[in-house]
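These notes concern the structure reproduced below.
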Amino acid sequence: MSTTALLRAAPDAIAAAARRVMARCDELARVSAESGSIERVYLSPEHARVNRLAAEWMRELGMQTWQDAAGNQVGRIGDPSAPALLMGSHLDTVIDAGRYDGIAGVLIALEVVRLLRVPADGEAGDGWTVPLPFALEVVAFSDEEGTRFGKALLGSSAVAGTWDASWWALTDADGVSLRQAFLEFGLDPGRVGEAARRPDELVGYLEAHIEQGPELDRAGEPLAVVSSIASARRFHLVVEGEARHAGGTPYDMRHDALLGASEAALAVERICAGEHHIMGTVGRFEAFPGAVNVIPGEVQFSLDLRGEFDASRDHVWDALSRQLDEIMGRRGLRWRSREVHSAPAVFCAPLLQDVVAGGIRATLPSRSDAPPVIFSRAGHDGMALGAIAEVGMLFLRNPDGISHHPDEAVSAGDVAHGIRALAEAVLLRGAEPR
Ligand code: GLV
Ligand code: MN
Ligand code: MN
């Protein structure tokens with residue numbers, strides 16, 4: 001029986017696998033810093049709890065497990081001396097998150113291991129392996145979102161060996177530094193380099209993720225091949241004016257930081273919407289001193305900027321900077337910015353795009369020969385992994401395209417398709433030269 005026929009013969013196993021993914025997404029959603037909503041940030045007690053659960057699920061599959069030096073949870077199966085095909089995604093969340101962003105990708109990868117593993121010496125119970133020319137590893141990355149420290153992709157950057165010593169000084173909203181948070185979590189900052197993997201240890205990185213946008217839902221398609229992941233930059237911006245009496249200060253004497261920052265936020269929308277494949281978002285906006293009867297003297301806000309290409313993203317930032325100079329100059333305000341995150345666009349490897357497309361075709365043979373190919377506007381761990389490995393991604397339909405929101409959804413049927421397609425992609429990769 002060919003390997004594809006093997007998967008075709010396993011519809012019940014795949015349906016059960018999808019039900020397990022949905023149930024485990026529910027279980028992980030209950031591990032939250034806030035009751036009634038989902039919030040699980042890097043190096044928190046909730047991070048430790050989901051790592052323990054993921055490790056348990058990995059061991060159940062016969063995987064060898066470890067938590068790496070940056071708090072990523074890893075499981076491995078197969079020849080201990082062979083290079084590994086990495087699969088995975090992240091278990092951290094944004095604030096008031098949905099339950100599938102990242103999480104579904106980790107759990108789908110575990111189900112792929114379950115489908116593909118075979119008894120190590122022909123008999124169940126004596127350990128498991130995978131009938132592939134490489135080992136399989138599942139990585140549950142610890143920080144993709146950057147919710148706690150502003151800098152995204154901390155977990156995957158450690159694995160990629162691109163950790164930057166300047167990040168140790170980053171602080172969270174309570175003033176806790178990244179270095180301190182490492183120590184409190186039980187990690188040694190001096191050993192973060194040990195999480196780094198060498199390119200020769202890796203066959204590639206394959207990730208399944210919900211789309212986080214409406215393209216597949218609109219097209220009525222359950223799955224897509226990802227062609228590239230958007231480049232990103234994030235900034236912390238400060239506008240300074242003058243705090244004065246709200247009643248006594250005539251308009252010609254005001255330097256209202258809130259109005260300048262508001263004009264800036266509108267400029268972000270205007271400039272970004274006018275460009276192809278550029279998205280700009282002001283997601284955090286705070287006025288000081290924050291009193292009803294005081295003109296705001298200072299505003300701090302965030303800017304998240306993404307583009308298909310690094311050059312177009314940077315060109316938009318230059319245009320925005322000029323616009324901010326104009327707005328603030330006209331209003332007698334000052335502004336400054338600090339870049340807190342930067343990641344280049346990552347283009348999925350042609351071979352991994354091919355095997356993901358082959359996986360989709362094997363899973364949905366009645367559809368067209370050419371599965372949809374989508375550019376990801378959302379960021380993913382593959383952006384960091386691209387520094388050391390070929391990256392491939394499979395997108396699953398996200399009803400209504402809603403994500404980073406409690407209503408985020410994916411259907412069990414699409415998860416079943418996703419599990420099968422990813423398993424087929426792994427098998428197809430196994431049939432190619434290393
Ligand atoms: C992660 O979801 C991001 O794109 O910000
Ligand atoms: Mn996300
Ligand atoms: Mn994600």
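The values are calculated or read from the model by the stated rules, or taken from the named source; none is laboratory data. This one's a predicted model, so the numbers in the text were calculated from it and none came from an experiment. Cβ coordinates were reconstructed from backbone atoms using ideal geometry, including for glycine residues, and neighbour counts include every protein chain displayed. In case anyone asks, the SASA skips ligands and DNA or RNA and just uses the protein heavy atoms, side chains included. Shrake-Rupley method; radii C 1.70, N 1.55, O 1.52, S 1.80 Å.
For the chain, take the longest principal axis of its alpha carbons; what is the angle in degrees between that and the long axis of helix 412-430, to the nearest 10 within 0 to 90?
It works out to around 70 degrees.
Which whole-Hz couplings ³J(HN,Hα) result when phi for each residue of segment 141-150 is put into the Karplus expression 6.51 cos²θ - 1.76 cosθ + 1.60, θ = phi - 60°, listed in order with x for Gly and Pro?
After applying 6.51 cos²θ - 1.76 cosθ + 1.60, I find 5, 8, 8, 10, 6, x, 4, 7, 10, x Hz.
Measure nothing but the geometry: give the 0 to 90° angle between the long axis through the Cα atoms of 103-116 and the longest principal axis through the Cα atoms of the chain, rounded to 10°.
10 degrees
Could you tell me what % of all Cα pairs in the chain have separations over 41 Å? Each step should come with its number before you reach the end.
Numbers: 18096 of 93961 pairs.
Looking at the chain, the distances longer than 41 Å represent 19 percent of pairs.
What's the FRET efficiency of Ser35 with Val176 using the Cβ-Cβ distance as r and R₀ = 22 Å, to the nearest 0.05?
On the way: r = 22 Å, r/R0 = 1.00.
With a Förster radius of 22 Å, E is 0.50.
Measure out, as a whole number of angstrom, how far apart the alpha-carbon centroids of segment 55-72 and segment 148-189 sit.
Cα centres, segment 55-72 to segment 148-189: 21 Å.
Can you classify segment 30-70 as rounded, prolate or oblate using the Cα gyration tensor, where a ≥ b ≥ c are the square roots of its eigenvalues, rounded means a/c under 1.5, and otherwise it's prolate if a/b beats b/c and oblate if not?
Numbers: a/c = 4.53, a/b = 1.78, b/c = 2.54.
Judged from the Cα gyration tensor, segment 30-70 comes out oblate (a/c at least 1.5, b/c at or above a/b).
For the chain, with a Gaussian network of springs between Cα atoms less than 10 Å apart, report the residue from Ala412, Ala357, Ala370 with the top mean-square fluctuation.
Ala370
Suppose all protein chains stay in the model; what accessible area per residue would a 1.4 Å probe give for segment 231-343, in Å²? Working shown, then result.
Numbers: 5920 Å² over 113 residues.
Averaged over the residues of segment 231-343, the accessible area is 52 Å².
Which of rounded, prolate, oblate describes segment 185-261, given a ≥ b ≥ c as roots of the alpha-carbon gyration tensor eigenvalues and a/c under 1.5 marking rounded, otherwise prolate only if a/b is larger than b/c? Spell out each step's value before the answer.
Details: a/c = 4.28, a/b = 1.72, b/c = 2.48.
Note, shape of segment 185-261 comes out oblate.
Tell me which residues come under 5 Å, amide H to amide H, from Ile38 once H is placed; ignore anything under 5 positions away on its chain.
So Ile38 has HN proximity to Asp96, Ala97.
Which one, Phe285, Ser231, Ala311, is farthest towards the positive end of the dipole of segment 231-343 when Lys and Arg carry +1 and Asp and Glu -1 on their Cβ?
Phe285
Nearest 500 deg cm²/dmol is fine: what mean residue ellipticity at 222 nm does the chain get from its DSSP H runs of n ≥ 4 alone, each adding -39,500 (n - 2.57), divided by its residue count? Don't skip to the answer; put the middle values down first.
Numbers: 12 runs with 151 residues, N = 434.
It lands at -11000 deg cm²/dmol.
Shape verdict for segment 231-343, please, from the Cα gyration tensor: rounded (a/c under 1.5), prolate (a/b greater than b/c) or oblate. Don't skip to the answer; put the middle values down first.
Values: a/c = 2.78, a/b = 2.18, b/c = 1.28.
It comes out prolate by the Cα gyration axes.
If you keep only loop residues by DSSP, which GluC sites (Glu not before Pro) in segment 1-101 have at most 14 other Cβ atoms within 10 Å of their Cβ?
Qualifying residues, ordered by number: Glu34.
In whole Å, how far is the Cα centre of segment 355-403 from that of segment 241-264?
What the calculation gives is 48 Å, centre to centre.
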